[in-house]
Amino acid sequence: MEQRPHILVDADACPVKDEIYRVAFRLRIAVTLVSNAHLRVPQDPLIKRIVVGQGFDAADDWIAAQANGSTLVVTADILLADRCLKAGAAVIAPNGKPFTANSIGNAIAVRAIMNDLRAGGDRIGGPPPFGKDDRSRFLSSLDAALTAALRKPPGTPLF
C-alpha cells in the first residue's frame, strides 16, 4: 500500500488553515487539526478535528505522539517542532519557514534568551505582524514539501 503524507496542524492560533485546506484538497492529503477548543472545519473526509483537553500542552502532546516520517506538522511552537523533528516529521511554521534538524537548536537557544530577557524585565518586541508575504511563503513551502513527498519512491521516508 502506498504511503501518503498526513498534515497535523497545531490549530488553536494557526493563521494559515485556509491555505492548508486549499493544498490538501488539491493534492488529496488528509489533515488533522488539533486544538483545545472547538473549531469550525470544512465538511470533507480529508479533514479531521481533534479537540484535546485543556491541560497544559495537551495539543502539543497529542501532535508529538502522532508525528512520524510521513507527517508534516504546521506549528509556530519551537519546542513542539523539536519533538516532531525528533519523531521524523517535517515541520513548517505558519510564516513558511521550515524547522529542520540544522535550525532547531538555534531556534531553541533564541527562544531561551528571549524568555530570560522578558523574565528580567526587559521590554522586547514580539515577532513582526503576520502578513501577506508570510502567507504566500507558507503556501509555497507547504506545496513544495508535500509535492516532493508524493514523488518519493515507495518504501522511502516521505520527510
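Bear in mind that the values in this text are calculations on the coordinates, not laboratory data. Bear in mind the structure is a predicted one, so any value in this text is a computation, not a measurement. Heads up, the Cβs are rebuilt from the backbone with ideal geometry, glycines too, and the neighbour counts pull from every protein chain shown.
Within region 149-159, the set of residues being within 19 Å of residue 84 (Cα to Cα) and without any contact (Cβ under 8 Å) to a residue 24 or more places away in the chain comprises 156 only. Restricted to region 48-63, and to residues there that are of a type in the set (A, V, I, L, M) and within 14 Å of the chain's Cα centre (by Cα), the residue that is surrounded by the fewest Cβ atoms within 10 Å (Cβ to Cβ) is 59. Across region 83-97, the number of residues qualifying as under 8 Å from the mean Cα position of the chain (by Cα) and part of a loop (DSSP other than H, G, I, E, B) comes to 2. Based on this model, can you work out whether residue 88 counts as in contact (Cβ under 8 Å) with a residue 40 or more places away in the chain, within 14 Å of residue 7 (Cα to Cα) and out of contact with any Cys (no Cβ under 7 Å at 6 or more places or on another chain)? Spelling it out, residue 88 is indeed in contact (Cβ under 8 Å) with a residue 40 or more places away in the chain, within 14 Å of residue 7 (Cα to Cα) and out of contact with any Cys (no Cβ under 7 Å at 6 or more places or on another chain). From 119, 37, 107, 76, which residue is in contact with a Pro (Cβ under 6 Å, 6 or more places away or on another chain), among the small types (Gly, Ala, Ser) and over 19 Å from residue 158 (Cβ atoms)? When all the criteria are applied, what remains is 76. Within region 17-47, being among the basic types (Lys, Arg) and surrounded by 14 or more Cβ atoms within 10 Å (Cβ to Cβ) holds for 17, 22. Going through region 84-98 one residue at a time, which ones are among the hydrophobic types (A, V, I, L, M, F, W, C) and surrounded by fewer than 18 Cβ atoms within 10 Å (Cβ to Cβ)? Result: 87, single match. Residues in region 64-83 that are more than 24 Å from residue 128 (Cβ to Cβ) and in contact (Cβ under 8 Å) with a residue 40 or more places away in the chain were compared, and the one that is surrounded by the fewest Cβ atoms within 10 Å (Cβ to Cβ) is 69.
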